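Notes follow the structure.
Where a number appears in this text, it was derived from the coordinates with a stated rule and is not lab data. Just so you know, these numbers come straight off a predicted model, no measurement behind them. Using ideal geometry, Cβ is built from the backbone for each residue, glycine included, and neighbour counts are taken over all protein chains shown.
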Amino acid sequence: MLEPDPKLRLTAKQVLEHPWLQNAKKAPNVPLGDVVKSRLKQFSMMNRFKRKALRVIAEFLSVEEVEDIKVMFNKMDTDNDGIVSVEELKAGFKNYGSQLAEPEVQMLIEAVSVFWFTLCHKLTSILMF
């Protein structure tokens, strides 16, 4: 049903006849539970928080700076998963001429983590979710 290739994807008729949909009415109505509800709410709030945090940060950057960050991010995100891992960051520094030694890269990563945590904490108190 979720096949991206239209040639391989089920037709609308096939989807409606699929056992998964046919049995949907027979599924038990089981409550999710407090833990699941809490985690879903946290996930939703974090997404809203991230969007707001990025807007706040973006307000302080010029269009050129934002574009430069996007270009560098895309160069470092070698597996194109939308996340720059620690290993990709290290490789990116090395590939793009940084003379930082391994301990300095680690210190930078830790500093960014502390900065991000502090920013999140401050924004949370400002935005008051």
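Things to note:
- The string of couplings for region 10-24 from the Karplus curve (6.51, -1.76, 1.60, θ = phi - 60°) is 5, 6, 4, 4, 4, 5, 5, 8, 5, x, 4, 7, 5, 8, 4 Hz, one whole number per residue in order, with x for Gly and Pro.
- Computed from phi, the 3J(HN,Hα) profile of region 66-77 under the Karplus parametrisation 6.51, -1.76, 1.60 (θ = phi - 60°) reads 4, 5, 4, 5, 4, 4, 5, 4, 5, 5, 7, 7 Hz, with x in place of Gly and Pro.
- For region 26-74, the number of Lys pairs separated by eight or more positions or lying on different chains, with C-alpha atoms closer than 22 Å, is 5.
- Computing FRET efficiency as 1/(1 + (r/R0)^6) for Leu100 and Lys70, where r is the C-beta to C-beta distance and R0 is 30 Å, gives about 0.85.
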